[in-house]
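What follows is calculated from the coordinates using simple rules that are stated; it is not laboratory data. Note that the structure is predicted; figures quoted are calculated from it, not measured. All Cβ positions, even for glycine, are placed from backbone atoms using ideal geometry, and neighbour counts span all protein chains on display.
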Amino acid sequence: MELGFLPKLRFAQAAHLCAVLEPGEEAKAILSPGMSASDFLGALVEGGLVVDAIRYMAVALPRREAVWWACACRRALLPPELPEGDLAAWKAAEDWVYDPTEPFRRACYGPAQALKFETAGAYAALGAYWSGGSLAPPEVSLIVPPGDGLTGTATAASVILTCVPGAAKSIGERQKKALTIGIDIANGGTGLADQKAASA
């Protein structure tokens, strides 16, 4: 699958991307010397490793765009009527995307914790919380920065969980739709184009 140049990716080279998120055996077999990050993502899809492609796309996107990708997938794949706790987590994540400041980042932890870090919304909020700043409590002066891949790991989990509801036989199609949304965002789009077309 030829994805072309994806200008929003944080990594130009697949090797740099894989230094943040170590590939499994199947993904490693696809890697070749000098491969670009976008070619690696395309090769994963071509090789049927769509879930791996989602995981690497989430790490490759800038943190704000990665969290937005999870939010855009929720809009495309989940019903608007969700449990109150999930809605609170999704709102916290989106609030941070629109205003990625420290208060909104900190506000993402509570809703994720209330959901026991188990749902797609919880992981989206956790991805925002892990985007920067310190992971120590606000009253602690010690700065504990998050690891480089934490936001991507959380948002990948969010996207993957968002694809689960529905018929089991069509989960692959939902995963491909989610990846298409991620590719649009990696190209500088909003990830909402299909939804606008559907509602037109």
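Distance cut-off 26 Å, Cα to Cα: go down the list LYS8/LYS176; LYS116/LYS176; LYS28/LYS91; LYS91/LYS169; LYS8/LYS177 and report the pairs above it.
Listed pairs above 26 Å: LYS116/LYS176; LYS28/LYS91; LYS91/LYS169.
For the range 63-182, what is the charge dipole size about the Cα centre, in debye to the nearest 20, if Lys and Arg each add +1 at the Cβ and Asp and Glu each add -1 at the Cβ?
Values: 12 positive and 12 negative charges, 88 e Å.
Taking the Cα centre of the range 63-182 as origin, the dipole is about 420 debye.
Could you give the size of the charge dipole of the chain about its Cα centre, using +1 on the Cβ of each K and R and -1 on the Cβ of each D and E, expressed in debye and rounded to the nearest 20? Mind showing how you got there, number by number?
Working: 17 positive and 21 negative charges, 37 e Å.
It comes to approximately 180 debye.
Name the residue farthest towards the positive end of the dipole of the range 70-173 from the options ALA88, CYS71, ILE160, assuming +1 on Cβ of Lys and Arg, -1 on Cβ of Asp and Glu, about the Cα centre.
ILE160
Give me the net charge for the shell around ALA122: Cβ to Cβ below 10 angstrom, other residues only, Lys and Arg +1, Asp and Glu -1. Don't jump to the answer; show the numbers that get you there.
Numbers: positive: LYS116; negative: ASP86, GLU118.
Once positives and negatives cancel, what remains is -1.
Using Rg/Rh (Cα atoms, Kirkwood Rh) as the read-out, say which of [x] 0.99; [y] 0.97; [z] 1.61 was calculated from these coordinates.
[y]
Which order, highest average first, do 123-134, 31-42, 166-177, 87-98 follow once you tally other Cβ atoms within 10 Å for each residue and take the mean per peptide?
123-134, 87-98, 31-42, 166-177
How many nm separate the modelled label positions at LEU87 and ASN187, each set 7 Å beyond the Cα in the direction of the Cβ?
3.4
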